[in-house]
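Engineer: Below are the structure tokens for one structure; questions will follow.
The values are calculated or read from the model by the stated rules, or taken from the named source; none is laboratory data. Here the structure is a predicted model, which means the values were calculated and not measured. In this analysis, Cβ positions are derived from the backbone assuming ideal geometry, glycine residues included, and neighbour counts consider all displayed protein chains. Areas reflect the complete protein model, heavy atoms only, side chains present, ligands, DNA and RNA absent. Shrake-Rupley method; radii C 1.70, N 1.55, O 1.52, S 1.80 Å.
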Amino acid sequence: MAIEIEKPSSVRLSKVAISKTHGEDSPYFAGWKAYDENPYDEIHNQSGVIQMGLAENQVSFDLLEKYLEEHHEVSSWGKGAPGFRENALFQDYHGLKSFRQAMANFMEQIRGGKAKFDPDRIVLTAGATAANELLTFILADPGDALLVPTPYYPGFDRDLRWRTGVKIVPIHCNSSNNFQITPEALEAAYQSAESMDLKVRGILITNPSNPLGSTIQSSVLNDILDFAAHKNIHLVSDEIYSGSTFSPSEFVSIAEILRNRNYKDAERVHIVYSLSKDLGLPGFRVGTIYSYNDDVVTTARRMSSFTLISSQTQHLLACMLSNHEFTQNYIKTNRERLNKRYDMIIQGLKKAGIECLKGNAGLFCWMNLSPLLNEPTRQGELELWNIILNQVKLNISPGSSCHCSEPGWFRVCFANMSEQTLRVALQRIHKFMEQRKVCSVNQ
Amino acid sequence: MVAISKIATGNGHGEDSPYFDGWKAYETNPFHPIDRPDGVIQMGLAENQLCFNFIKKWVMEHPEASLCSAEGVNKFEETALFQDYHGMPEFREAVAKFMGKVRGDRVKFDPDRIVMSGGATGAHEMVAFCLADPGEAFLVPTPYYPGFDRDLRWRTGVELVPVVCESSNNFKITRAALEAAYEKAKEANLRVKGLLITNPSNPLGTILDRDTLKGIVKFINEKNIHLIGDEIYAATVFMEPEFVSISEIIEEVECNRDLIHIVYSLSKDMGFPGFRVGIVYSYNDAVVSCARKMSSFGLVSSQTQHLIATMLSDDDFVDSFIVESKEQLFKRHKYFTLSLSQVGIGSLKSNAGLFIWMDLRKLLKEKTFDAEMDLWRVIINEVKLNVSPGSSFHCDEPGWFRVCFANMDDNTMEVALLRITTFMHKHNEAMVPRKLCRRASLKLSLSRRRDDFMSQNMMSPHSPIPQSPLVRART
């Protein structure tokens, strides 16, 4: 007998599912759509949209490919694949010891040996996306708050808040001091949270900063850690761009700050790392949490069951990153190339009359277009952004999508394309600026 | 001391269950044929290790499937950059095709409904996040996989309400049991959002028959709740009757498809738990869309997507693999259960999975879970086998144990059987003490019991060991 089904109002999904906290309605993603519909191609689509909104590192793939070509038997499962079975079965959430060891070494090398990392404190997750969410689940209860300096990576709105129910309270930074985080701004954010009856559980900083493209100074790191200790809250340092600083001496990790104070206050500090930016491997989903807090390590490890790194990938990277000669050379060369790219874009923008925040790291620059705004508002910024997207055909990220409190700033990525494409992009910007000058002269 | 969250300090991680205690015993003293011949044999881990040679041969013959080889490295860059949460189209197509083949091509799966997750573990959590709010509930038939307590509840705040199934009817999921569970939830003020079934069943190793499945679909439609079908053991059905998937039933009966979701993985069917290939397949567009966004938290490594896409689009390989795997599982299962029955150990009649649901009720000194734990400790510490006690699967009756048989080679299987045999012989001898003669009330004669044990042709699924006060006396 067929059951009579009056079409019911479809059974409701969860509140999390219905909410918009996934953040995809932001202009950050709208630009990507425009790109997807009309992507630039050097040969086949020279008038397409150039993607400058995606912080990928494509400048050093040849180094990785060379490694693979010279070591392919080591990194696949060896001759006759004797290791295949063992690798395919390995699902231990502790992660491959050799891989954790290799990651610890790599992180040390990036910091020029100024900090040491214990492989047993490394917890593996499928990408920094998962790492940030996981830490949030561990450090805060639903309804609690994390303080995050603005401008910040738009993905945090989803990663820190969506399924966790935790809130973000911004620490407002502005251009008057190059967007540095000040003790006053920290305190103001804390007070702001309190006034909304939100319990602050931690601070999340990104160092080097996305979208600013600059490192946080030692003195500021000390201030932040002091603040966290004073309020008895956690400090998460997202250091996924640490290998992308243009000069090794300019990056100071929170790990060094801790070492300098003999690890006092270490139990509140947690570092997020990933190979998506420094090694250019976002597809492989390699994220890590490094915590100085034993309970956090244990819990994070258990939670990582939901988001383990493929053992196949752990194996490949364990081989690659344990090759000291390879990693030394990679880190050095990658830095040099990013530096070169950065110089190229800064010079190009300067010639077009555009200033950027002085940067020293990352895969992007923080461009100041506030002089071009019709009105110094978010609306004005979005209007300008639309013009750049649809007329100049460049997808860049508006500062408002990064919660920047000052309108007119844009994040522009430069490492996810060939030099030739970057030149084309700069030509378009130049032309655009020239046309605007002509227009304003004629008015 | 800086505090961490309630989720972090609670024990929702579930590791205090005996399910994991046995693993600890194993880890401190793992069996190795040469280095540790007296170590604990792991029979608590549902892994499929029977077809690796078959798979390895393919891997060696197809270097292009690896990004590390000379043949594959030209795909390295584009693969390494690919982080689109839609997943590689070739990957989704290959997985959809595989899922169809595993179901005898009786249904087709749409690659655009395939969403990735961090293994089935990640898939279950993700589905719970999509379908239920904290404090709402899913119904789950017992006995069920212990990991569900963590996967569905820990970070989601969702509750689980058991649908109690009983050995008296081979743990069938009856309408009455479903209704009882639904009522129980209502009484506890829990709003039920869905029913989660595992088919083929872990730990039972059985499949749901067509009528039961239809009844389940009818039930969820009437109550307007979701149905999640965990079909991660679909390709391990090694014997008749043939597997029937939820995806087939909804073609046969009226059903609101927005309620139907399947969890899949390659961890069991292919034996690749390390590769973390989890899949959520939903017939509900809103769920696909939401799950896809959530999959950012647990995407499958593109390196692995590439390998799997290449492997599973090889039709010849897939067709032979499915056949080979069934054959190996069938052989191993038959040998194991036959050997067990010869020493008087029965198990639930099963035709799927990587384990059997062993019936040791007659070995319990009393029908309690404490007695089950006592017996379990004996098995771990004396017989040196890690098996999983039924209580950790929320079985409502003590005395059942899940015993995995596909995660070891033939030699280790022999050692395990020898240990079981020795234990049973010792046990059976101990069952015949001189005291027996003084017990005038005993109905069974000594010699007849002995014959029962020693019989070589015992095929009964039930243990021939009679319920005897002597069992109590021994332990």
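Engineer: When only C-alpha pairs under 8 Å and at least 6 residues apart count, what is the relative contact order of chain B, in percent?
Structural biologist: Worked out over chain B, it gives 21 percent.
Engineer: Bin width 20 Å, origin at 0, all Cα-Cα pairs of the protein assembly as shown: what percent of pairs per bin?
Structural biologist: Pairs per bin, as whole percents: 14, 43, 32, 10, 2, 0, 0.
Engineer: Pop out a list of residues from region B:289-316 that are at least 10 Å² less accessible with all the protein chains around than in their chain alone; 1.4 Å probe, no ligands or nucleic acids counted.
Structural biologist: Listed by number, the residues meeting the 10 Å² cut-off are B:CYS290, B:LYS293, B:MET294, B:SER296, B:PHE297, B:GLY298, B:LEU299, B:SER301, B:SER302, B:GLN303, B:THR304, B:LEU307.
Engineer: Another one. Over the heavy atoms of B:ASP38, what accessible area does a 1.4 Å probe trace out, to the nearest 10 Å²?
Structural biologist: We get 110 Å² for B:ASP38.
Engineer: Accessible area per residue, 1.4 Å probe, Å², for chain B: what's the number?
Structural biologist: Computed with neighbouring chains in place, this is 38 Å² per residue.
Engineer: Please go through the residue pairs A:LYS199/A:LYS231; B:LYS101/B:LYS326; B:LYS108/B:LYS214 and name each one whose alpha carbons sit more than 21 Å apart in this structure.
Structural biologist: none
Engineer: On to the next question. Net charge near B:ALA416, counting Lys/Arg +1 and Asp/Glu -1 over other residues with Cβ under 15 Å of its Cβ?
Structural biologist: With Lys, Arg at +1 and Asp, Glu at -1, the net is -1.
Engineer: Which percent, to the nearest 5, of DSSP beta bridges fully inside chain A are antiparallel?
Structural biologist: Here the share of antiparallel DSSP bridges comes out near 50 percent.
Engineer: Ignoring GluC sites (Glu not before Pro) that are buried or in helix or strand per DSSP, and keeping those with at most 15 other beta carbon atoms within 10 Å, what is the longest stretch of chain B between them?
Structural biologist: It works out to B:255-365.
Engineer: Dipole magnitude of chain A about its Cα centre, charges +1 at Lys/Arg Cβ and -1 at Asp/Glu Cβ only, in debye to the nearest 20? Present the calculation step by step, with values, prior to reporting the outcome.
Structural biologist: Numbers: 45 positive and 49 negative charges, 64 e Å.
It comes to approximately 300 debye.
Engineer: Nearest 10 degrees is fine. How inclined is helix B:410-430 to the longest principal axis of chain B, computing both from alpha carbons?
Structural biologist: The helix B:410-430 is inclined about 30 degrees to chain B.
Engineer: Considering only DSSP beta bridges whose two residues both sit in chain B, what percent are antiparallel, to the nearest 5?
Structural biologist: Details: 20 of 40 bridges.
That works out to approximately 50 percent antiparallel.
Engineer: Give the distance, in whole Å, between the Cα centre of region A:371-443 and the Cα centre of region B:12-72.
Structural biologist: About 54 Å separates the Cα centre of region A:371-443 from the one of region B:12-72.
Engineer: Ignoring ligands, DNA and RNA, how much accessible area is buried between chains A and B, both sides summed, with a 1.4 Å probe, to the nearest 100 Å²?
Structural biologist: For A against B, buried area totals roughly 7200 Å².
Engineer: Here is a follow-up. Give the percent of DSSP beta bridges with both residues in region B:65-313 that are antiparallel, rounded to the nearest 5.
Structural biologist: 35
Engineer: Here's another thing I want to ask about it. Mind listing which trypsin sites (Lys or Arg not before Pro) in region A:190-277 are in a DSSP loop and have 10 or fewer other Cβ atoms within 10 Å?
Structural biologist: A:LYS264
Engineer: Heavy atoms of the protein only, probe of 1.4 Å, neighbouring chains included. What is the accessible area of A:TYR190 in Å², nearest 10?
Structural biologist: 30
Engineer: For every other residue with a beta carbon closer than 12 angstrom to the beta carbon of A:ALA30, add +1 if it is Lys or Arg and -1 if Asp or Glu, then tell me the sum.
Structural biologist: Net charge in that neighbourhood comes out at -3.
Engineer: Also, quick follow-up: Loop only by DSSP, 13 or fewer other Cβ within 10 Å of the Cβ. Give me the trypsin sites (Lys or Arg not before Pro) in region A:105-183 that pass, ordered by residue number.
Structural biologist: A:LYS116
Engineer: Which of the listed residues, B:ASN48, A:HIS403, B:LEU348, is farthest toward the dipole's positive end in the protein assembly as shown, when Lys, Arg count +1 and Asp, Glu count -1 at the beta-carbon?
Structural biologist: B:LEU348
Engineer: Also, quick follow-up: What net charge do the residues around B:GLU125 carry, taking every other residue with its C-beta under 10 Å from that of B:GLU125, with Lys and Arg at +1 and Asp and Glu at -1?
Structural biologist: +3
Engineer: Helix B:302-312 versus the longest principal axis of chain B: what angle, 0 to 90°, nearest 10, using Cα atoms?
Structural biologist: The helix B:302-312 is inclined about 70 degrees to chain B.
Engineer: Take the cross-link list A:LYS79/B:LYS57; B:LYS268/B:LYS349; B:LYS172/B:LYS218; B:LYS97/B:LYS334; B:LYS384/B:LYS426 and give me the ones stretching past 22 Å between alpha-carbons.
Structural biologist: Details: A:LYS79/B:LYS57 12 Å; B:LYS268/B:LYS349 20 Å; B:LYS172/B:LYS218 16 Å; B:LYS97/B:LYS334 30 Å; B:LYS384/B:LYS426 15 Å.
Going by Cα-Cα distance, B:LYS97/B:LYS334 fall outside the 22 Å limit.
Engineer: Further question on the same structure: Grab the DSSP H runs of the protein assembly as shown that are 4 residues or longer, score each as -39,500 (n - 2.57), total them, divide by all residues and round the 222 nm result to the nearest 500 deg cm²/dmol.
Structural biologist: Computed ellipticity for the protein assembly as shown at 222 nm equals -12500 deg cm²/dmol.
Engineer: What percentage of the solvent-accessible surface of the protein assembly as shown, computed with a 1.4 Å probe over protein heavy atoms, is contributed by carbon and sulfur atoms?
Structural biologist: Answer for the protein assembly as shown: carbon and sulfur cover 50 percent of the accessible area.
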